[in-house]
Amino acid sequence: EAALDLIGAEGIHALSVAAIAERVGIVPSALYRHYRGKDDVLEAVLDLLDKRLTENVALARRETPDALGRLKSLMTRHLRMLAENRAIPYVVFSDGIYTGRPERKARVYGIIRRYLGEVQKIVRQGRRERQIRRDIEPQSASVMFMGTIMPAAVLSALSGGEFDVIAHAENAWPAFERAIAAEKEA
């Protein structure tokens, strides 16, 4: 959490064990008992990101049984998570965390692929239940879903939070829903 806060406030370049320790009010040696250095901290940040995405999917599934409702809930949860953690786009898109670390880049790609896979499952469910048009390809729909979210996260990060991602979700959802929803039977 402190690492995400630090990255969000000062950028990825400011991340260090000493800066994190200062942020949480402990001496760096105490943090070194848990993390060998900046790379271990970044791995823990990725663990946290993966965990939060997985939790958001599980919460959306528990919240409503229908696919469109789940996608709407997931979009709102995802954007809320990004509003609360403006550092996430920096972590996902920063060359600074990947330089010399192709395994970390592969790990981030894997986290995103798993998340898109969960969105695809919801889309498939919606197709089976005739809520989502049958001509909608689940993979394309999942990328469109992320395409509704990530630019808003980037704009929020670049604007220091001035771009309202929650208002964006409320405005973007109806357009996304119209693009994928099956016509209601008379």
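The values are calculated or read from the model by the stated rules, or taken from the named source; none is laboratory data. For clarity, every value in this text was computed on a predicted model and none was experimentally measured. Here the Cβ positions follow ideal geometry from the backbone for every residue, glycine too, while neighbour counts run over all protein chains shown. In case anyone asks, the SASA skips ligands and DNA or RNA and just uses the protein heavy atoms, side chains included. Shrake-Rupley method; radii C 1.70, N 1.55, O 1.52, S 1.80 Å.
For the chain, what class follows from the C-alpha gyration tensor (a ≥ b ≥ c being the square roots of its eigenvalues): rounded when a/c is under 1.5, otherwise prolate if a/b is larger than b/c, else oblate?
Prolate, since a/c reaches 1.5 and a/b exceeds b/c.
Relative to the Cα centre, what is the charge dipole magnitude of the chain, using +1 at the beta carbon of each Lys and Arg, -1 at the beta carbon of each Asp and Glu, and rounding to the nearest 20 debye?
Approximately 700 debye in magnitude.
Near the amide H of Ala181, under 5 Å away, which other amide H atoms are found, from residues 5 or more places off or on another chain, if H is placed in the peptide plane?
Arg133
Pop out the ³J(HN,Hα) list for region 118-124 in order, Karplus 6.51 cos²θ - 1.76 cosθ + 1.60 with θ = phi - 60°, rounded to Hz; leave Gly and Pro as x.
5, 5, 4, 4, 5, 5, 4
Run the 1.4 Å probe and let me know the accessible area of His34, rounded to the nearest 10 Å².
It works out to around 140 Å².
If you take the beta carbon distance between Arg80 and Met144 as r and set R0 to 25 Å, what does 1/(1 + (r/R0)^6) give as a FRET efficiency, to the nearest 0.05?
Between Arg80 and Met144 the formula returns 0.80.
What FRET efficiency comes out for Glu137 versus Thr54 if R0 is 25 angstrom and r is the Cβ-Cβ distance? Round to the nearest 0.05.
Plugging the Cβ-Cβ distance into 1/(1 + (r/R0)^6) gives 0.60.
What's the FRET efficiency of His13 with Lys184 using the Cβ-Cβ distance as r and R₀ = 41 Å, to the nearest 0.05?
Once rounded, the FRET efficiency stands at 0.20.
Net charge around Asp40, counting only other residues with Cβ within less than 12 Å of its Cβ (Lys, Arg = +1; Asp, Glu = -1)?
Residues close to Asp40 contribute a combined charge of +1.
Cα centroids of region 126-164 and region 1-70: how far apart, whole angstrom?
Rounded to whole Å, the Cα centres lie 23 Å apart.
Pop out the ³J(HN,Hα) list for region 72-89 in order, Karplus 6.51 cos²θ - 1.76 cosθ + 1.60 with θ = phi - 60°, rounded to Hz; leave Gly and Pro as x.
5, 4, 5, 4, 5, 4, 5, 5, 5, 4, 5, 5, 7, 9, 4, 6, 4, x
Explain nothing, just compute: Karplus ³J(HN,Hα) = 6.51 cos²θ - 1.76 cosθ + 1.60, θ = phi - 60°, for every residue of region 161-174 in order, whole Hz, x for Gly and Pro.
x, 5, 6, 8, 6, 6, 4, 4, 4, 4, 7, 7, 4, x
Taking all protein chains in place and a 1.4 Å probe, what share, in percent, of the accessible surface of the chain do carbon and sulfur account for?
52 percent
Within a Cβ distance under 11 Å of Gly110, other residues only, what is the Lys/Arg minus Asp/Glu net charge?
Neighbourhood net charge equals +3.
Excluding residues on the same chain fewer than 8 positions from Lys184, give the aspartates and glutamates whose Cα lies under 20 Å from its Cα.
Asp66, Glu129, Asp135, Glu137
From the helices alone, meaning DSSP H stretches of at least four residues, give me the mean residue ellipticity at 222 nm for the chain, per-run term -39500 (n - 2.57), in deg cm²/dmol to the nearest 500.
-24500 deg cm²/dmol
Just the number please: accessible area per residue for region 27-186, 1.4 Å probe, all protein chains included, in Å².
Per-residue value: 56 Å².
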